[in-house]
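The values are calculated or read from the model by the stated rules, or taken from the named source; none is laboratory data. The structure displayed is predicted, hence computed values, not measured ones. Here Cβ is always computed from backbone atoms with ideal geometry, including for glycine, and neighbour counts include all displayed protein chains. Protein only, heavy atoms only, side chains kept; ligands, DNA and RNA dropped before computing areas. Shrake-Rupley method; radii C 1.70, N 1.55, O 1.52, S 1.80 Å.
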Amino acid sequence: KQEVTQIPAALSVPEGENLVLNCSFTDSAIYNLQWFRQDPGKGLTSLLLIQSSQREQTSGRLNASLDKSSGRSTLYIAASQPGDSATYLCAAGMDSSYKLIFGSGTRLLVRP
Amino acid sequence: GAVVSQHPSRVICKSGTSVKIECRSLDFQATTMFWYRQFPKKSLMLMATSNEGSKATYEQGVEKDKFLINHASLTLSTLTVTSAHPEDSSFYICSAKSNEQFFGPGTRLTVL
């Protein structure tokens, strides 16, 4: 059974810092790995999707990497801004059905 | 990107009543929709996969008679929480699949 873990559970950084969020999964036979952002009381916004054959994806200040063999993914946020404050969730897709196994999230606070 | 809506966004009901939550794909057709449940500061747990024109597939531990899912059209899936109890209070999020997965904004259910 796939289990997805995110460390740290919470993170507080000053504005401008570069930061890394970690995601690990127990079953390396994933179909894809996705990173989401969730604002308080809101739904999910997809940030980056990495297919199992890919090593990384980039969008603006965000870069996500995937290492299937070690069961790890990281989300790198460059030059953090207060508007980046949110909960970041990673999710493993196990097949093409789009069914996702979510981690518990990292709550990020970027202080002005 | 594609838009998925949920209605209502927030509902408060008395214990023992039933509550229906709607999930709509506004600008695309979705043969498959997913229903998730999220407890405070916890991750999303997949409840069931809703398939248009057929029975939903429930995850282990989810009571199908408690959480009734109907996917009557390619743009609408409904989740009915029957005989709701305070422990059913949660944040319910749906997603719809086209070429990728899009999430709704969520419905906050509070059962008194």
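What the table below lists for this structure:
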quantity	calculated
Among B:Asn70, B:Asn51, B:Asn99: highest mean-square fluctuation, GNM of chain B, C-alpha pairs under 10 Å	B:Asn99
Selected from B:Ser77, B:Ser90, B:Ser54 as most flexible by GNM, with chain B as the system and alpha-carbon contacts under 10 Å	B:Ser54
The range A:1-38 residues near the modelled A:Asp67 label - backbone nitrogen below 13 Å, point 7 Å along Cα→Cβ	A:22-25
List B:Lys66, B:Lys20, ordered by accessible area with a 1.4 Å probe, largest first	B:Lys20, B:Lys66
Apportionment of accessible area to carbon and sulfur, the protein assembly as shown, percent (1.4 Å)	50 percent
B:Arg108-B:Thr82 FRET efficiency (beta carbon distance; Förster radius 22 Å; 0.05 resolution)	0.75
Violating pairs (Cα-Cα greater than 29 angstrom) within the set A:Lys68/B:Lys66; A:Lys99/B:Lys42; B:Lys14/B:Lys64; A:Lys68/B:Lys20; A:Lys1/B:Lys55; B:Lys66/B:Lys97	A:Lys68/B:Lys66; A:Lys68/B:Lys20
Enclosed volume per residue, in Å³, of the convex hull spanned by Cα atoms of the range A:37-112	104 Å³
